[in-house]
Each structure stands twice: as C-alpha cells, then as structure tokens.
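S.K.: Starting off with a structure, shown below.
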Amino acid sequence: MQDKGLLLPLSWRLIIQALSIYKVFQVLKILNRENLIIDMSNLTFEKIREENNLLFESVRGSHLFGLETEKSDIDTFGIFCCYPDMLLGTGNTYVPMVQSEKNDDYWDEIGKFVKELCKSNPNALEALFTPEKHIRYFNPILQPLWDIRDQLITKDCFRSFSGYAVMQIKKAKGLGKAINIDPDSVRRRKTPLEFCWVAQKDGDGDIRLDKWLKKNGLKQEHCGLVHLSNSLEMYNLYYDWFADKDLKPEDYIRLKYGRLGWIGTKLAERELEKGKKTEFIGYRGILDPFDLETSQLRCSSVTKEDAKKPLCTLQYNYLAFSQHCADYKRYWDWVKNRNPERFELNKGYNYDGKNCCACIRLMTMAREMAEGKGMLLDRSNIDRDFLLSIKTHQLSFDDIMKHMESIQADMEVAFSKSTLPEKPDAELLEKILVSIRKSHYGLK
C-alpha cells in the first residue's frame, strides 16, 4: 500500500503559496495521526455533521421570506468545510456542494460559497442576512464574513438579481418546461424506426418504416441499409430474404418479383425454401441490439449487383428523434422529481406562480438595496399579500409582466443614482476564506 501523505502532487505548490511548507506538513501529520484518509466519493449531510465540518445551517425558501402556506415544506441551506485531502490533491475529489434528491436542501462548500459572494449571487447573499430565528447552526469562525455583509451589497447586485429574475420569469412562462410536453408523445421511448419514412410506390403517400415493415411481413434485424451520398439521412434498404425463417412465400414473391404465373410462383417458393436452408447474406439490421439508446441507424455492406435493386428508399428524421429523446428524458425526470402539490397549484394556468413570485421579490429587493434600505428578506410587513396573490395565480401573466417592468425601471434609476461600490472586494473575501480554512483545520 502506498505510504499516506509522502508523495506531494505538483498542484500543492498553489496551496503552499497560501499556507507555507511547514503548515502543509502539519496537515499531513494530522491526517496520518487521526487516520483521516477516508472515502470522499459519497459526501452526505450526515457525514458533514458527524465529522464536525458543518459551519452554517439555516432555513431558506418561503419560510425565510414569510411567504409560507400550510403546505409549504421547510427547506434548508448550509455551508460546510471540505476534507483537507480535497484541497491538497489535484482537486478531482473536491465536492463543491451537497444537495437532496429534489434540491430542497443544499449545502455549499465554503470555497464555492465565497466565490458566489464574489459574483453577488442572490442565494449566497441571502444567507448572510438570514434572521437569527431562522439560523439553526452558526460556527463563529464565519463571523468575519457576516461583519462585512453590508459591504457586499454592490451595484453588481443589480446585474445578478436582474439576471436571476429573468431566468425565473422564463421558467414561470414555461419556456422549455417539461410540464408543457404532451404526455402521450413520451408515454414510451420510441425507436428510430418511427422517425423513418418510406415513399410508397402505389401513390398512397409516405408511410412510417415500422408500419411498412409490419405491412410487408419483414423484420428490421434482417434489413441492410446503405446511406445515399450527398443526401441528408436518406438510405436505400435491402433485405436478407433467406435469413428470415418466418418470411411468408407470398410476401417474398410480391416484394422481390411482383406478379408471377403459376410456374414462376412455384419456382420462387422452392427458391425461398432452399435458400433458408443454405444461404443468407448477414445484413446488420437497422437498430443495434446492444445499444437500444442510440440514435444512429446501422449500415451494411451490399454487393454491387444487389445495390442496383433496393427494396425501398427511406428518409430518417434524425432531428425529430433527437428532440423526442430529449423530451422523453426531461418529462420523466420531471415526473420523478416534481412537487405534486406545486404541480396541482399550477395546473390549468399558463405560468408557474412560484417562479413569478420569486421574480417580483428579487426585483423588488434589488430596488430596495439600491435605495439604501439593505436586504429585506422577510416580506411579512412589506408586500407579502401581493406576492402570495401572484403565487396563487390571482393576477394574469400580462399584469405580472407590467408590474415587473415598472419595478425594473425604478431599479435602474435607483442604481444609477446609488453610491454603492461597483463590485464586492474579492481580495478581502479571499483573505477571509483562507482565515476560515486555517481556523477549521487548526492551522495558526
């Protein structure tokens, strides 16, 4: 077994600049003495708590903003410090955040959290201004961040809050939302055969390939495709007649020879019977039996003689099939993770009330910050009733958009007149981050 802590990766040079060689070896001694070289591949909320790496935990979401209803769940946010191993190695094991399956609860690693503060991320800033009644745990080593929280309200908040609000409004209107996908279209995952079209010779128009094969008693696994050069997803189709043991003589004769007299029919039947016993070509089929998720059609080699007589020519709508696959995955992921109560709340409306509510709240808070009022998270005595009326679809989407545009105009004027700093002090945040890590790891 490799000796723990003796081989130093090259990336440690970056850590050494911040700590010093002596302190790095202090960390290594602690790891070896306490046997802290552990599996980091499955970091969980429980592990973070048990190993005393939790720095902060609070209530977030509707309860934080005073917008909760009887059916509102309690969601949490947290900040934790990762294992030293994650920083002293190449970074491949670093875990920036831990979250629950439905993202109701999520905790940021302290490094990620500080980076978000540098970008004026709304969620990160909200943590710094969370009222004491909603804080479940607070490690004093974070106090330097809380001491400068007012300095982190900058003009950069306008861009981040506005951008986040626009993202919410797009979600609210359902642009690309899985809820708008027709369930019947994704009831099952279709195959490429259902997106291939064959032009029928009898003038009855195009027919889907899977239906054409069924109509003619053929199987896709005995087909051979040849892509037509200088064309977009067009193929000639050939058939391995003698490999299909279930092929009916009448289908063989009709497809290969057309109408035959009595003698010709008998000769063709004997040809088919003999061929099934002795001859087959070995076409690869249309679909890969070992990769049913693929969107590609399989092509086969065809002799020059056979290539002159394709059974049919087909067009494959690759883009439509790719879109179907994306919709199928998005829809069933959404069904698996959706909040049933939220789904029922939005059912029958053309927008997501919760997303619209979040958008208006963010824009209003940004305006308040520009006016020098600070970050007012609790909306109980400010605009709670109005925000809840949006959340419960008491306003039309057009009215909501007009209100948002009015707030945005006020916000832009307020920020243009504001004396707030342009951006957060990234150097100061970096120093505080190093100080927090040193304190947590016991480095003086």
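S.K.: Determine which member of the set L376, L433, L443 is surrounded by 15 or more Cβ atoms within 10 Å (Cβ to Cβ), under 30 Å from F80 (Cβ atoms) and either in contact with a Gly (Cβ under 7 Å, 6 or more places away or on another chain) or at pLDDT below 85 (or both).
M.R.: It is L433.
S.K.: So which residues in the stretch 86-131 are of a type in the set (D, E, K, R) and over 22 Å from A358 (Cα atoms)?
M.R.: Let us first name the residues in the stretch 86-131 that are of a type in the set (D, E, K, R), namely 101-102, 104-105, 108-109, 112, 115-116, 119, 126.
E109, K112, K115 - these are the residues of the stretch 86-131 that are of a type in the set (D, E, K, R) and over 22 Å from A358 (Cα atoms).
S.K.: So the check is Cβ under 7 Å with 6+ separation or different chains; which pairs have a first residue in the stretch 323-346 that's over 14 Å from R187 (Cα atoms) and at pLDDT below 65 and a second one that's surrounded by fewer than 13 Cβ atoms within 10 Å (Cβ to Cβ) and not acidic (D, E)?
M.R.: As it stands, the answer is E341/K71, since those pairs meet every condition given.
S.K.: Then there's this: Is the stretch 260-283 home to any residue that is assigned to a loop (DSSP other than H, G, I, E, B), outside the structural domain of S72 (by TED's automatic domain parsing) and modelled with pLDDT of 90 or more? Working first, answer last.
M.R.: Filtering the stretch 260-283 down to residues assigned to a loop (DSSP other than H, G, I, E, B) leaves 260-261, 279-283.
Next, from what is left, pick out any that are outside the structural domain of S72 (by TED's automatic domain parsing): 260-261, 279-283.
Now narrow it down to the ones that are modelled with pLDDT of 90 or more: 283.
Taking every residue of the stretch 260-283 in turn, at least one turns out to be assigned to a loop (DSSP other than H, G, I, E, B), outside the structural domain of S72 (by TED's automatic domain parsing) and modelled with pLDDT of 90 or more.
Here is a yes/no grid of residues against (1) among the hydroxyl-bearing types (S, T, Y); (2) at pLDDT 90 or above; (3) buried (at least 16 other Cβ atoms within 10 Å of the Cβ); (4) touching a Leu at 6+ places or on another chain (Cβ under 9 Å):
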{"residue": "C359", "(1), (2), (3), (4)": "no, no, yes, no"}
{"residue": "E371", "(1), (2), (3), (4)": "no, no, no, no"}
{"residue": "S380", "(1), (2), (3), (4)": "yes, yes, no, yes"}
{"residue": "F415", "(1), (2), (3), (4)": "no, no, yes, no"}
{"residue": "L429", "(1), (2), (3), (4)": "no, yes, yes, yes"}
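S.K.: Among the residues of the stretch 181-224 satisfying the criterion of being of a type in the set (A, V, I, L, M) and part of a loop (DSSP other than H, G, I, E, B), which is surrounded by the most Cβ atoms within 10 Å (Cβ to Cβ)?
M.R.: Here the answer is L218.
S.K.: Out of the stretch 383-397, which residues are among the β-branched types (V, I, T) and either in contact with a Pro (Cβ under 9 Å, 6 or more places away or on another chain) or surrounded by fewer than 17 Cβ atoms within 10 Å (Cβ to Cβ) (or both)?
M.R.: T392
S.K.: Something else now. Every residue in the stretch 81-111 that is surrounded by 19 or more Cβ atoms within 10 Å (Cβ to Cβ), under 19 Å from E430 (Cβ atoms) and at pLDDT 85 or above, please.
M.R.: Result: C81, C82, P84, M86, L87, D108, E109, I110.
S.K.: Also: Take the residues in the stretch 305-323 that are of a type in the set (F, W, Y) and out of contact with any helix residue (DSSP H, G or I) (no Cβ under 6 Å at 6 or more places or on another chain), then tell me which one is surrounded by the fewest Cβ atoms within 10 Å (Cβ to Cβ).
M.R.: Here the residue is Y318.
S.K.: Let me ask something additional. Just a yes or no: is a residue in the stretch 356-364 charged (D, E, K, R) and under 27 Å from the mean Cα position of the chain (by Cα)?
M.R.: Looking through the stretch 356-364, at least one residue is charged (D, E, K, R) and under 27 Å from the mean Cα position of the chain (by Cα).
S.K.: A further question follows. Among the residues of the stretch 423-444, what is the count of those that are more than 32 Å from the chain's Cα centre (by Cα) and in a loop (DSSP other than H, G, I, E, B)?
M.R.: 3
S.K.: Hey, could you check the stretch 387-419 for residues that are more than 32 Å from the chain's Cα centre (by Cα) and of a type in the set (A, V, I, L, M, F, W, C) and say which is nearest to T154 (Cα to Cα)?
M.R.: Per the stated criteria, the residue is F415.
S.K.: Something else about it: Quick one: L142 ticks every box in (1) modelled with pLDDT under 95; (2) buried (at least 18 other Cβ atoms within 10 Å of the Cβ) except a single one, so which number is it?
M.R.: The one condition L142 does not meet is (1).
The values are calculated or read from the model by the stated rules, or taken from the named source; none is laboratory data. Quick caveat: nothing in here was measured; it's all calculated off a predicted structure. Note that each Cβ is placed from the backbone with ideal geometry, even for glycine, and that neighbours are counted across all protein chains shown.
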